[in-house]
Amino acid sequence: MVRKAIFGGTFDPIHNGHLHIAYEALNKLNLDEIIFMPTGNPPHKENLCITDAYLRYKMVQMAIKKEVKFKVSDYEIVSDEVCYTYKTLQHFKKVEPETVWYFLTGADCLVDLPNWKFIDKIFEVANFTVFLRPGYSLDLLHFSKRKIEEKYSTKILLLDVAMLDISSTNIRTFIRNQKDVSLLMPESVLNYALELKLYS
Ligand code: ATP
Ligand code: MG
């Protein structure tokens, strides 16, 4: 059976925290492919100023070059509408109904999940998978997980992996303040961001 994951994010920019959980997912879930899905018009961030979708897509493309099982999709960035996760997942499930689908997220998404649209529809088509992230206690995550599982009669996968304290927000701030971020993200992505002055 083919096993694939969709890994959605703003990726503004993509960083080693993203790549780390993607590699962990690949191994722990025995996946055949991970599709990075940069969001075009994210429902949660529509009022914030984010980097052009195509540039974020390009940075993901550069970051995943070395791993053949990592792919990037422009499905959400070419869409004119606000993209909801459940719609994207439904689309991919429809195209490949035999594939076992996973949806990868960090701990912050689990805590925020009650605010997402039609989360029951996500559970229908994909295994919702959560990775630990600094700043979110295991107690809180288990509590959130249990509440959602009970409400929707579903199962959420919580994966206990080494945590990397990296976020795109921090990277953007560090670059603006001319701090060294070379250990936090792929070199090619950093060079591209600096060249285009994306965050300075
Ligand atoms: P921002 O600070 O702009 O929100 P971010 O670092 O959270 O950026 P996103 O693009 O928002 O990155 O995240 C995409 C997905 O990756 C989310 O599910 C998020 O929880 C997860 N993620 C990001 N960084 C990490 C990390 N260091 N550890 C675990 N999960 C992470
Ligand atoms: Mg985030």
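The values are calculated or read from the model by the stated rules, or taken from the named source; none is laboratory data. These numbers come from a predicted model, not from an experiment. Neighbour counts run over all protein chains shown; Cβ positions are idealised from the backbone, glycine included. These area figures cover heavy atoms from the full protein model, side chains too; ligands, DNA and RNA do not enter into them. Shrake-Rupley method; radii C 1.70, N 1.55, O 1.52, S 1.80 Å.
Remarks
- Sites listed here are chymotrypsin sites (Phe, Trp or Tyr not before Pro) in segment 78-131 whose DSSP assignment is loop and whose Cβ has at most 13 other Cβ atoms within 10 Å: Phe118.
- Using C-alpha pairs under 8 Å with a sequence gap of at least 6, the mean separation divided by the residue count of segment 108-172 gives a relative contact order of 40 percent.
- Just the protein heavy atoms count here, and of the accessible area of the chain at 1.4 Å, carbon and sulfur take up 49 percent.
- Rg [Å, one decimal], Dmax [Å, integer] - the chain, C-alpha atoms: 16.4, 49
- Per residue accessible area of the chain, 1.4 Å probe, in Å²: 54
- Percentage relative contact order, segment 24-109, counting C-alpha pairs under 8 Å, at least six apart: 34
- Checked against a 27 Å cut-off, the cross-linked pairs Lys117/Lys147; Lys93/Lys197; Lys58/Lys93; Lys117/Lys197; Lys4/Lys145; Lys65/Lys145 give Cα-Cα distances beyond that limit for Lys93/Lys197; Lys117/Lys197; Lys65/Lys145.
- Bridgeable aspartates and glutamates around Lys66 (alpha carbons under 14 Å apart, same-chain partners fewer than 8 residues away excluded): Glu33, Glu187.
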